[in-house]
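We did not get these values from a lab; they are worked out from the coordinates using the rules stated. Since this is a predicted model, take the numbers as computed values, not measurements.
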Amino acid sequence: MNLISHPLLLTALMLAVSNLFMTFAWYGHLKNFATSPWYVAALVSWGIALFEYLLQVPANRIGYSVMDLGQLKIMQEVITLLVFVPFAVLYMHQPLKWDYLYAALCMMGAVYFIFRA
């Protein structure tokens, strides 16, 4: 079996890409459509979110075949943080904060507790 066909890896990759779309849908308009009416930003965001759902729904189905619901949710939250921090720093030009590291450490605790045997 090749690595990409492993359900955990495939789930993580699909969720990472879907999360990138969703991060742009949720926050990209703050930079790109700051002067547009809110409903224009909402319509553009909904269009971007469609691509997120086209990846997120099958990723969750694949992941649920090898993980329980709690594990799937924590995986999604870790991926969210891994996608959000570079987005905030590199794209939105927000300062890199120690709080991101502290949040990551808390997430590591969540991963430990939800995946332990």
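Quick notes
- Phi to ³J(HN,Hα) by Karplus 6.51 cos²θ - 1.76 cosθ + 1.60 over segment 60-74, Hz, x for Gly, Pro: 5, 5, 5, x, 5, 6, 10, 10, 7, 4, x, 5, 4, 5, 5
- Each Cα pair under 8 Å and six or more residues apart adds its separation to the average, and for segment 1-60 the resulting relative contact order is 51 percent.
- Residue among N19, N32, N60 with the largest mean-square fluctuation in a Gaussian network model of the chain, springs linking Cα atoms under 10 Å: N32
- Given [x] 32; [y] 14; [z] 28, the label whose value is percent of Cα pairs over 25 Å apart derived from this model: [x]
- Within a Gaussian network of the chain (alpha carbon springs, distance under 10 Å), most fluctuating of L81, L13, L96: L96
- Inter-centroid distance (Cα atoms) of segment 48-117 relative to segment 14-28, Å: 11 Å
- Table column - 3J(HN,Hα) (Hz), segment 51-58, Karplus curve with 6.51, -1.76, 1.60, x for Gly and Pro: 5, 4, 5, 5, 9, 5, 5, x
- The chain, relative contact order [Cα under 8 Å, separation at least 6], %: 32 percent
- ³J(HN,Hα) computed for each position of segment 85-92 - Karplus, 6.51 cos²θ - 1.76 cosθ + 1.60, integer Hz, glycine/proline x: 4, x, 4, 5, 7, 7, 8, 8
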